[in-house]
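What follows is one structure encoded as structure tokens, with my remarks underneath.
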Amino acid sequence: MDTEKKLSGLTIALHWLVALSILTLCGVGIYMVQSEAWPLYHIHKSIGLLIFALIIARVAWRLVNGLPKPVREFSRFEHLAAKTVHWLLLLGTLAMPLTGMLFSGASGHGFGIFSWEIFPANYAPDKPGQAIPLNAAWSDLGQALHGYLGYLLLALIVLHVAGALKHHILDKDHTLSRMLGRRAE
């Protein structure tokens, strides 16, 4: 369990694995859309689904363990801002793969983990490789939400990193040190 002095190895591992994966997938997602790099979609979706398992584990761990306890007293505003950003990050990381699955599934492209098909594609019988949307409205909604959530997550990550740096540089407390595996003194 996490304490004011030390975070558990599970908390630290889940935090960094999910954070680095989300940053990487957001970067790849932006690149794919801007450059129309269609061959990367299969890899993006496969890795996203693998990370989804870690995200579920992280959300479950947070629900059981709660948010990390502050290393010292903070103003009511600062405490509320930190809690809000933490929960929005958790919800956003959970919503990203769900909206991606909605987009991919409803668009008729299906999804899976590399060669393992989880939700089958709906290809035109007379045009192999051309997907027929199962529901264009849901596909459009999934695509829009997935894109907007990606940018929202990046903005929240910037806020989160800024807060961690504020704690480390200005406040000179041990918030960031704890997330790096060190014991807060």
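The values are calculated or read from the model by the stated rules, or taken from the named source; none is laboratory data. As the structure is a computational prediction, the values presented were derived from the model and not from experiment. Backbone-built Cβ (ideal geometry, glycine too); neighbour counts: all protein chains shown. With ligands, DNA and RNA removed, areas are computed over all heavy atoms of the protein, side chains included. Shrake-Rupley method; radii C 1.70, N 1.55, O 1.52, S 1.80 Å.
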Q.
Can you compute the FRET efficiency between residue 118 and residue 5 using 1/(1 + (r/R0)^6), with r the Cβ-Cβ distance and R0 = 35 Å? Round to the nearest 0.05.
A. 0.25
Q) In whole Å and largest first, what semi-axes does the C-alpha gyration tensor of the chain yield when each eigenvalue is scaled by 5 and square-rooted? A) 37, 16, 14
**Q.** Within the chain: Cβ-based charge dipole about Cα centre, in debye rounded to nearest 20 (Lys, Arg +1; Asp, Glu -1)
**A.** 700
Q.
I'd like the Karplus ³J(HN,Hα) series for the stretch 42-52: coefficients 6.51, -1.76, 1.60, θ = phi - 60°, whole numbers in Hz, and an x wherever there's a Gly or Pro.
A. 4, 5, 4, 5, 4, 5, x, 5, 5, 5, 4
Q. By how many nm would the segment from residue 141 to residue 69 grow when fully extended, if each residue of separation counts as 0.36 nm and the alpha-carbon distance is taken off?
A. 22.2 nm
Q: Compute the accessible area per residue over the chain, keeping the other protein chains in place, probe 1.4 Å, unit Å².
A: 60
Q) So for the stretch 1-131, taking the charge dipole from beta-carbon charges (+1 Lys/Arg, -1 Asp/Glu), which of 74, 125, 12 sits furthest toward the positive end? A) 74
Q. Projected onto the charge dipole of the chain (+1 at Lys/Arg Cβ, -1 at Asp/Glu Cβ, origin at the Cα centre), which of 137, 44, 60 gives the Cα projection farthest towards the positive end?
A. 60
Q: Quantify, in whole percent, the carbon and sulfur part of the accessible surface of the stretch 9-142 (1.4 Å probe; protein heavy atoms only).
A: 71
Q. In sequence order, what are the phi-derived ³J(HN,Hα) couplings for the stretch 144-160 according to the Karplus relation 6.51 cos²θ - 1.76 cosθ + 1.60 with θ = phi - 60°, rounded to whole Hz, with x for glycine and proline?
A. 5, 4, 4, x, 5, 4, x, 5, 5, 4, 4, 5, 5, 5, 4, 4, 4
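On full extension of the chain, what length is gained from residue 84 through residue 35, given 0.36 nm per residue of separation minus the C-alpha to C-alpha distance?
Working it through step by step, the gained length comes to 14.2 nm.
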Q | Ellipticity estimate at 222 nm from DSSP helix runs (n ≥ 4, -39,500 (n - 2.57)) divided over the chain, nearest 500 | A | -23000 deg cm²/dmol
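Rounded to the nearest 20 debye, what is the charge dipole size of the stretch 49-156 about its Cα centre when +1 sits on each Lys and Arg Cβ and -1 on each Asp and Glu Cβ?
Using Cβ point charges on Lys, Arg, Asp and Glu, the stretch 49-156 gives about 500 debye.
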Q | Segments 94-106, 25-37, 139-151 sorted - mean Cβ within 10 Å per residue, highest first | A | 94-106, 139-151, 25-37
Q: List nothing, just return the count: lysine pairs in the chain, 8 or more apart or interchain, with Cα separation under 26 Å.
A: 14
